[in-house]
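Structure, as structure tokens:
The values are calculated or read from the model by the stated rules, or taken from the named source; none is laboratory data. The structure displayed is predicted, hence computed values, not measured ones. Reconstructed Cβ throughout: ideal geometry from the backbone, glycine too, with neighbour counts over all protein chains shown.
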Amino acid sequence: MIQTVTDDNFNAIVLNSTIPVLVDFWAVWCGPCRQIAPVVEEISNETEGTALICKCDVDTATEVTARYMIRSIPTLLFFKKGELVHKIVGATNKQTIEEKLKSLITV
């Protein structure tokens, strides 16, 4: 299940997570964001319990968006033990996302 993160809950959900986290920075008006949304949903279903998948709306979570210098969307950030370890900017394929996430789960 995908969790929604905001300025208020980002630290508690993402940075304090005991399992790897993927955060999808997106916006309603973003075509490429809508393009990868089903892929992110699939990955969320496939990794439940081993990774946390979150979505962060850049229009409402302006503090988090600024903190991680999100300049274009979609941007996918990968965290492990509260540390940012990978970043993908732009729409990408499922395999690329899975490879990044699996490297965090197995290490």
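The table that follows gives values for the structure above.
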item: Contacts under 8 angstrom Cβ, first residue in the stretch 58-83 being among the β-branched types (Val, Ile, Thr), partner assigned to a helix (DSSP H, G or I) and at pLDDT 95 or above, 6 or more apart; result: Val58/Thr65; Val64/Phe10; Ile73/Pro32; Ile73/Cys33
item: Conditions (1) surrounded by fewer than 21 Cβ atoms within 10 Å (Cβ to Cβ); (2) closer than 16 Å to Phe78 by Cα: number failed by Val21; result: (1)
item: Residue match in the stretch 39-52 (condition: under 14 Å from the mean Cα position of the chain (by Cα), farther than 23 Å from Thr106 by Cα and surrounded by 16 or more Cβ atoms within 10 Å (Cβ to Cβ)); result: no
item: Options Thr92, Thr62, Thr106; residue that is over 17 Å from Phe25 (Cα atoms) and surrounded by fewer than 20 Cβ atoms within 10 Å (Cβ to Cβ); result: Thr106
item: The lone exception for Thr4 - which of (1) touching an Asp or Glu at 6+ places or on another chain (Cβ under 9 Å); (2) surrounded by 16 or more Cβ atoms within 10 Å (Cβ to Cβ); (3) not aliphatic (A, V, I, L, M) it fails; result: (2)
item: Test: Ile53 is under 16 Å from Glu98 (Cβ atoms) and not small (Gly, Ala, Ser); result: yes
